[in-house]
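Structure first, commentary second.
The values are calculated or read from the model by the stated rules, or taken from the named source; none is laboratory data. None of these values were measured; they are calculated from a predicted model. No Cβ is skipped: glycine too gets one built from the backbone with ideal geometry, and neighbour counts run over all protein chains shown. Calculation scope for accessible area: heavy atoms of the full protein, side chains included, ligands and nucleic acids excluded. Shrake-Rupley method; radii C 1.70, N 1.55, O 1.52, S 1.80 Å.
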Amino acid sequence: MSPWSIDSRGADLNIGIGTREVAVGPCRPRWMPARKPASPAGSRSVPMPETQWFTQAGVFDALRAALEPAPDSDAPQAPRVPSRTRGAHIVLDDFWGNHAILRGDFRTLRAREVDEIARAHFVDIYGVDGETVAVRTCMQRGGRAMFASALPRALVDGMGEASASAGARMLALKLCLPEMLNRTLPQMPRANALVVFAADALIQAVLIEAGGWACYDAQRLFAGDECDPAKVTLLAEQAFERCAERTTLKREDCALGFFGCGIAVDLAALQARFASVTTLAAPNACQAPEGGDSLAHHLLEYAQ
């Protein structure tokens, strides 16, 4: 899935925006393979004050600070080129947006019409003004399923203004889940599967039926949930039950893929309920340098 494209020229920075912290790192060189994991070397983070966690104001302030030169750096700074504005590829934790999988016959529709269907869905579900929502869609091959994402327009505009005030330009903006989904689906051993992503404030699930998108579900994780394997396991099971309501799928016929960024889960309990369980990331995949916000640094991997 392509990002919300804002400018076609190359970027200077990758930025990961979590719920409590913003991480910034250098862009991957053009010769580096597109899916080579990002290295924390050279990256740093800017924490949000606790009073600004989970707020747009916290995002804007931390983004401006992240785009400033690193303080007290002993490394020589490359000379700035006055004629070239810095750019940034930004990837957001999914807490900041919403996703949906819509089923229907979209084969004869134009891209603008598809976007309007997605916008109407989010307006209907969340009761918001359509003008306040920025949408992005991706059609599944065959034209009968759509993966749709939405961000508050105020958040998009505010990040653009924060970037500009720090002498940078947003080149691309995207939510993390579609990127993770694209990279993890090839690892699933069955065409019927539930893929679960648990990180920070959300547990998200995507049900795959016969290799195609079937349903999306999301639930909040609250303080303490991430340390309770039984709670996370129960939420994953509940996600399957809700997603499978409109299908003929049964748990014992589905593979489960679990990606947990700092989240504990009872894999043995899940293995007893699903056909197979695949761990989609190593336990240290979300560790950050020097004790920073592991999730914010993890997001850097998906910025390009």
Quick numbers on segment 132-283, Rg and Dmax over C-alpha atoms in Å, give 17.1, 54
Report the FRET efficiency, 1/(1 + (r/R0)^6), for ALA57 and GLU252, where r is their Cβ-Cβ distance and R0 is 41 Å, rounded to 0.05. 0.30
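Can you tell me the alpha carbon radius of gyration of segment 97-181 divided by the globular rule-of-thumb value 2.2 N^0.38 Å? Mind dumping the intermediate values first?
Working: Rg = 14.2 Å, N = 85, 2.2 N^0.38 = 11.9 Å.
The value comes to 1.20.
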For segment 189-289, which trypsin sites (Lys or Arg not before Pro) are in a loop by DSSP, counting at most 13 other Cβ atoms within 10 Å? LYS250
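Per 0.36 nm of contour for each residue apart, how much would the distance between SER165 and ARG141 grow if the chain were fully extended, relative to their Cα-Cα spacing? List each step's numbers first, then the result.
Numbers: separation 24, 0.36 × 24 = 8.64 nm, distance 4.06 nm.
Residue separation times 0.36 nm, minus the Cα-Cα distance, leaves 4.6 nm.
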Enumerate the calculated ³J(HN,Hα) couplings along segment 53-66 in order (Karplus 6.51 cos²θ - 1.76 cosθ + 1.60, θ = phi - 60°), each rounded to whole Hz, writing x wherever the residue is Gly or Pro. 4, 6, 10, 5, 4, x, 4, 5, 5, 5, 5, 4, 5, 5
How about segment 103-150: which trypsin sites (Lys or Arg not before Pro) there are in a DSSP loop, with at most 12 other Cβ atoms within 10 Å of their Cβ? ARG107, ARG110, ARG141
Under a 5 Å amide H to amide H cut-off, with H placed in plane at 1.01 Å, what residues pair with GLY257 once short-range neighbours are removed? LEU194, VAL195, VAL196, THR278
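Looking at segment 145-250, which chymotrypsin sites (Phe, Trp or Tyr not before Pro) are DSSP coil and have at most 14 other C-beta atoms within 10 Å of their C-beta? Don't skip to the end; give the middle numbers.
Working: sites: PHE147, PHE197, TRP213, TYR216, PHE222, PHE240; in loops: PHE222.
Qualifying residues, ordered by number: PHE222.
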Per the 1.4 Å probe, what fraction of the accessible area of segment 176-249, in percent, lies on carbon and sulfur atoms? 51 percent
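With contacts defined as alpha carbon pairs under 8 Å and 6 or more residues apart, what's the relative contact order of segment 190-279 in percent? Each step should come with its number before you reach the end.
Values: 175 pairs, mean separation 29.4, N = 90.
Answer for segment 190-279 is 33 percent.
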